[in-house]
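Report on the structure given below.
Derivation of every value follows stated rules applied to the coordinates shown; laboratory data play no part. These figures come from a predicted structure and were not determined experimentally. Note: ideal-geometry Cβ built from the backbone for every residue, glycine included; neighbour counts use all protein chains shown.
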Amino acid sequence: MAEAAEKSWRPLALLLVCFGAWWVIAAAELVEPYLVPSPGRTLDVVLDKPDYLWHHSWVTTYETLIGFVIAVGVGILSAVVMVYSSTVEKTLYPVLLFAQVVPKIAIAPLFVVWLGFGIAPKILIAVLIAFFPVVISMVTGLKAVDPEMLELSATMGASPWQTFRKIRFPASLPHLFSGLKVAVTLAVTGAVVGEFVGANEGLGYVILQANGNLDTPMLFAGLLVMSLIGVVLFVAVEVAEKLLLPWHASRRDGTAVTTY
Amino acid sequence: MAKDAPADVGRAPDGAVPAVRIDDVAVRFRTKKKDVTALHDVRVDVRDGEFVAIVGPSGCGKSTLLKLVAGLLAPSSGEVLLHGERVGGPRHDIGYVFQRAALLEWRSARRNILLQAEMRGMPAARARSRTDELMDMAGLAGFEDAYPHELSGGMQQRVALCRALLHEPPVLLMDEPFGALDALTREQLNIELNRIWRRTSTTVLLVTHSIAEAVYLADRVLVMSPRPGTVTEVIEVGLPPERDYAQTLATPEFRAATGRIRELLGAVAAHD
């Protein structure tokens, strides 16, 4: 615990300074209050309408999570297929890279036309945005396996499935998790972008509504909650990583216990 | 053949089926610009239970030779026989130890050794008792549950050795297993490898850069030429299997063998 405190006090202090600056600017009315509401007013909004924000936050979180899970599933599967079949890799990889160049945000309106105002287009955009880091990190991870380990596996008479399950897949997990951390925050962005384009629910909708009514305290509240969702999801992935990969180099605290 | 290697330089004198027979093997790699011959005219017989060390300059194809025996690489011509049977793919009746321990970092020492058993579908009870026995023999008692990152290089290599011996392979292939260790650890492991070899009566092929290590451990030492590699001379060490380290180093046989190998490799260096 002391170690955690040692690691986190600096960024926390910086955040406090930012909040302090916000508070000072608002309290001294350096900027018109309708442009930048005070932290207190923003918090009041959150406390005044907890059900309203809770409902819309849940919608956004739900879209994000479904999008993230689909992106992870499809991403891992595509990576495995590409690593095991060079034909598929040569066909799919360049197309994937090209697809990454297309700004997904620009396709969002089209998805609304195709899929309507429900949660489907939001999930689809979240999937498309979060998919890329998952594939790239998983391909890198699967290829990073020690070639001598694969040779050993061959002399052990292991089946391809055994080699994958016991050697390649676990070896790729540290890479995969670094991709998952990027993907989960991108999934939030994807869901909110989907809501911006056409929705009657979710934090993207809340922000657009507040914007239309010049209700900046609500706008700020929406932003705060959205950031909070991103942070919570990111931390959740980190905790999962810590639990699943206690052996990984970046997580070690001890050093060698023997001298030769 | 073109080179001056004597045709039967590695042949065993008796008529028994050798544990390993490398019969007139050549390996050529095709690169974009040209064909590279890694090995040519290699003929070696290794008797059952024999310890053979292979020394030679870097890049002479020593490691390639081991991969041929393991069936991880196919020869361009000639053939490799294990106990009279032609090698035509990865062999499961060998143990392999690399220079790097190549351990799975998410598995404890014991479970790294047990990987061998899991892949082969060995009965769990037998695998466990055999693992305990091996870890004991290799001086790993007390480190069963340690993870690779908690072990020193020497200890990691002991784990790799146990993993290679778990299924009691008739042939053990070692590719510079102690090359990355410091001199003292290396000496220690040489002594233990000699002891383990005598207890298991496994046929061992050891690739090494250390002339002393080769002579201390082996019955015979194959000396190889630089690329394109071939066996230029076979040194019979002529020492009993049981070898005290300090005493062995002082014997005339040890000094004669190391001297001769140094001469051969030195001639190579001077020739370069």
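Observations on the structure shown:
- Rounded D (µm²/s) - the stretch B:98-180, Kirkwood Rh over Cα pairs, Stokes-Einstein at 25 °C, 0.890 mPa s: 194 µm²/s
- Among the helices of chain A, those built from whole DSSP H runs whose Cα atoms reach 18 Å or more along their own axis and whose mean Kyte-Doolittle hydropathy is at least -0.5 are A:2-27, A:50-84, A:86-101, A:120-143, A:169-197, A:216-244.
- Working note: Cα gyration tensor of the stretch B:68-124, eigenvalues times five, square-rooted, sorted largest first, giving semi-axes of 28, 14, 8 Å.
- Positive-end extreme of charge dipole, chain B - chosen from B:90, B:205, B:148 (charges on Cβ): B:90
- Computed Rg/Rh of the stretch B:29-68, alpha carbon atoms with Kirkwood Rh: 1.06
- Note: chain A, Cα convex hull, 176 Å³ per residue.
- Long pairs among A:143/B:67; A:90/B:32; A:166/B:32; A:90/A:166; A:166/B:62; A:143/A:166, criterion Cα-Cα beyond 25 Å: A:166/B:32; A:90/A:166; A:166/B:62
- In this structure, residue B:124 and residue A:77 have a Cβ-Cβ separation that, at R0 = 30 Å, corresponds to a calculated FRET efficiency of about 0.40.
- The sum of -39500 (n - 2.57) across all DSSP H runs of n ≥ 4, divided by the residue count of chain B, sets its helix-only mean residue ellipticity at 222 nm to -11500 deg cm²/dmol.
- A DSSP coil position with no more than 16 other Cβ atoms inside 10 Å describes none of the trypsin sites (Lys or Arg not before Pro) in the stretch B:89-151.
- Between B:23, B:132, B:244, the GNM of chain B built on Cα springs shorter than 10 angstrom shows B:244 fluctuating the most.
- Separation of the stretch B:237-258 and the stretch A:198-225, taken as the distance between their Cα centroids, equals 85 angstrom.
- The calculated 222 nm mean residue ellipticity attributable to helices in chain A amounts to -26500 deg cm²/dmol, summing -39500 (n - 2.57) over DSSP H runs of n ≥ 4 and dividing by all residues.
- The aspartates and glutamates whose alpha-carbon is closer than 12 Å to the alpha-carbon of residue B:33, local same-chain residues fewer than 8 away aside, do not include any residue.
- Comparing A:232, A:101, A:206 in a Gaussian network model of chain A, where Cα atoms under 10 Å apart are tied by springs, the biggest mean-square fluctuation is seen for A:101.
- Positive end of the dipole of chain A (Cβ unit charges, origin at the Cα centre): among A:155, A:67, A:237, the Cα lying farthest that way belongs to A:155.
- Mean Kyte hydropathy of -1.0 or more with a Cα span along the axis of at least 27 Å, helices from DSSP in chain B: B:252-271
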